[in-house]
Each structure stands twice: as C-alpha cells, then as structure tokens.
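See below for the structure under consideration.
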Amino acid sequence: MSQEDGRRASHILVIEDDPGERHLLLEALDAGSAPKKISVVGDGVAAMAFLRREGEHRGSERPDLIIMPMMMPRGDGRQLIVEIKSDPRLKRIPILVLTSSQSEQDVDRAYESRANCYVVKPVEMDRYFSVVKAIEEFWLGVVTLPPA
C-alpha cells in the first residue's frame, strides 16, 4: 500500500481479547499519522493462524509489527512469543508487549522469550494516548522494519 507521501503503509497485527482494551488501542493507533493497516485477532491461537495464513486468514499479509499483551486466553504471551520467534518465517517480525503488568518477572519473561519491546500501559487516558503515539512514531517512523 502506498500513501501520498511515498511511505508504504505498515501492517500492525494487534492481539487483544478484551473488547474495551482493543477499542482503546485501535482508537489511539487511529489517532496517529503514520500510514498503517491494522489487523486484529483475539488470542494466541488466532494469531498463529493469521501469521501462518491458515483457515480464514489464508491470503493475509505478513505484519510488520505485532502488538500484544502477556496474558491472553488460549495460550499465554510468553509461549506465543517463543512460537513466533522459533519460526524461521516469522522470527524477524518485531513484537511489542503492551501490558498493565509492571512485574519484574513478567518483564524478564518477555525479554527472555525474545520480545523486542515491553511497554507498561499507563492508567491515565492522556498518557496512554501519548505512549501509543510514541510507539507509533518510533516503530513506524524511526525504525527500519525488516522487509515483508
């Protein structure tokens, strides 16, 4: 996908089961200015089907970035990160963990699993939007992502 400024739209896969959290994250991402396409799945099983282009996700495009929590139904975040990073076709996709947990153990587990980034969700709405904006600016504006 091309945009008027010549930048290709980045594709973000959001993994989020909670409807309220998903709505808030999508609203914050939509407020950003970087060209992007967003796909959403609700859990780790659906995420792997999407990434492997299986079932209803046949023909889906490979995301440039994955945003996910550590806790989710049908598979925990740590296991999902390990599964993605163990797959030669998927391992270069950056994974950003966006979570409410400030636990040092959770941070350590995420990075031990080879997550690329761990961000704690702010409680205050204004701060949440500014953090998501900073995520977007960094990952879609500063970083050179691996080719799809």
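The values are calculated or read from the model by the stated rules, or taken from the named source; none is laboratory data. No experiment lies behind these values; they were computed from the predicted model shown. Every residue, glycine as well, gets a Cβ built from its backbone with ideal geometry; the counts of neighbours run over all protein chains shown. Just so you know, the surface numbers come from the protein's heavy atoms only, side chains and all, with ligands and any DNA or RNA stripped out. Shrake-Rupley method; radii C 1.70, N 1.55, O 1.52, S 1.80 Å.
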Report, in cubic angstrom per residue, the convex hull volume of the C-alpha atoms of the range 73-148. 107 Å³
What are the semi-axes of the equivalent ellipsoid for the range 1-81, taken as the square roots of 5 times the Cα gyration tensor eigenvalues, largest first, in whole Å? 23, 16, 10
Over the chain, with every protein chain in place, what whole percent of the accessible area is carbon and sulfur at 1.4 Å, could you tell me? 48 percent
If contacts are Cα pairs under 8 angstrom and at least 6 residues apart, what is the relative contact order of the range 42-148 in percent? 24 percent
To the nearest 0.05, the calculated FRET efficiency linking Lys91 and Val120 through their beta-carbon distance, R0 being 22 Å, is 0.30
Could you give the length gained by full extension between Glu104 and Arg52, i.e. 0.36 nm per residue of separation minus their alpha carbon distance, to one decimal place? 15.6 nm
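Please work out the average accessible area per residue across the chain, using the 1.4 Å probe convention, and give it in Å².
55 Å²
Calculate the dipole size of the chain relative to its Cα centre from +1 charges on Lys and Arg beta carbons and -1 charges on Asp and Glu beta carbons; express the result in debye to the nearest 20.
Charge dipole of the chain: 660 debye, to the nearest 20.
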